Amino acid sequence: MGLTTSRRTALKLGAASLAAMGVPQIMTRAAHAETADAADLYAGIRTFRVGQFEVTAIRDGGRAMEGPHPIFGENQDAEAVAELLEENFLPADRFVNGFTPVLVNTGSERVLFDTGLGAGARQGGLGQLRARLEAAGHAPDAIDVVVLTHFHGDHIGGLMEEGGPAFPNARYVAGQAEYDFWTHEDRLSGPTENSARAVQANVVPFADNMMFLAEGDEAVAGITALEAFGHSPGHMIYHLESEGERLLLTADTANHYIASLRRPDWHVRFDMDKEAAAATRRRVFDMVAAERIPFLGYHMPFPGVGFIETLDEGYRYVPASYQFEL
């Protein structure tokens, strides 16, 4: 269940050239926005290239919350978490949790990774994926594939719209282990009940049109699934490769760019198996650091694209800057 190197995964872990990747940028039509609302929409869109793949990060929204402790560092004293945050110029008692689905246009298919919180969150300023997709020129009925990294509510909430499919012409991709866990009848009671009922409402209706993946399977050509279990029982991440260029979509492997990366062994409230999640963080980000692969994390500071440097303890997150302009 790890990140394995094998013929099956077809992943070359040698250093890859990043030179031709395009610059993350606000879509150019943002310059012509005439209202604050339009400007806000366009400000939540960044597009860059990975070889021939066009990658668009889309901000579904952000939520200011109390914390980060005890959500992050659940097994630590509040003072230790506060000290780490303050060392990194962050407040100790509040943080912003962002949500970033990703659209990959391969040239032949438009592949959407995760769907945000959906219509139920719009009153609170979230659930902006649909509007921002349209602002970026991608109508919902133009989406060919929807890939679900896992089945937590902030990833499956946008699957339905007004009682029907939000992406009516799409086919669906999910991890087999994730689907099997959440659809087992035992999940409909106890601590998993609410999430399992959301899966019944939002995911199960698409089961007949869903392809189920395991380690090393391709969602589409050039996009390979990797097991990254722990945050959820079947949490998957995805490796993109086009013309020798690479990007790793790490989903919820790390959910705070300081607390989860500088201290990868700290427990996170939303990790269902906390020890497995910590081991996965180290395995994934050791690879990202060693191979200098750019990655995009669902909860990293928007647009979520960056690099990893290994430290004596944990990792340093390096946001992407002009690397992608060259």
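The values are calculated or read from the model by the stated rules, or taken from the named source; none is laboratory data. Since the model is a prediction, treat every value here as computed from it, not as a measurement. All Cβ positions, even for glycine, are placed from backbone atoms using ideal geometry, and neighbour counts span all protein chains on display.
Brief remarks follow.
- Matching residues in segment 302-313 - criterion: being buried (at least 17 other Cβ atoms within 10 Å of the Cβ) and of a type outside the set (Val, Ile, Thr): PHE302, PRO303, GLY304, GLY306, PHE307
A quick yes/no check of all residues on (1) in contact with a Lys or Arg (Cβ under 7 Å, 6 or more places away or on another chain); (2) part of a loop (DSSP other than H, G, I, E, B); (3) among the hydroxyl-bearing types (Ser, Thr, Tyr):
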{"site": "ASN169", "(1), (2), (3)": "no, yes, no"}
{"site": "ALA174", "(1), (2), (3)": "no, no, no"}
{"site": "ASP186", "(1), (2), (3)": "no, no, no"}
{"site": "ALA196", "(1), (2), (3)": "yes, no, no"}
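- Restricting segment 35-68 to residues that are of a type in the set (Ser, Thr, Tyr) and part of a strand (DSSP E or B), the residue that is surrounded by the fewest Cβ atoms within 10 Å (Cβ to Cβ): THR47
- Yes/no for ASN255 being crowded, with 17+ Cβ neighbours inside 10 Å, among the polar types (S, T, N, Q) and modelled with pLDDT of 95 or more: yes
- Scanning segment 280-313 for residues that are in a loop (DSSP other than H, G, I, E, B) and either closer than 22 Å to VAL96 by Cα or among the hydrophobic types (A, V, I, L, M, F, W, C) (or both) gives ILE293, TYR298, HIS299, MET300, PRO301, PHE302, PRO303, GLY304, LEU311.
- GLY2 at pLDDT below 50, in contact with a Lys or Arg (Cβ under 6 Å, 6 or more places away or on another chain), farther than 17 Å from ARG246 by Cβ and not charged (D, E, K, R): yes
- Qualifying residues in segment 69-91 (those that are free of Cβ contacts under 8 Å to residues at least 12 places away in the same chain and in a loop (DSSP other than H, G, I, E, B)) - the one farthest from THR47 (Cα to Cα): ASP77
- Annotation note: Cβ proximity below 7 Å between a residue of segment 284-298 that is closer than 14 Å to ARG316 by Cα and modelled with pLDDT under 95 and a residue that is hydroxyl-bearing (Ser, Thr, Tyr) and assigned to a helix (DSSP H, G or I) (sequence gap 6+ or interchain) occurs for no pair.
- Members of segment 229-238 that are buried (at least 24 other Cβ atoms within 10 Å of the Cβ) and over 11 Å from the mean Cα position of the chain (by Cα): HIS231, SER232, GLY234
- Residues (out of contact with any helix residue (DSSP H, G or I) (no Cβ under 8 Å at 6 or more places or on another chain) and closer than 23 Å to LEU226 by Cα) located in segment 185-207: PHE206
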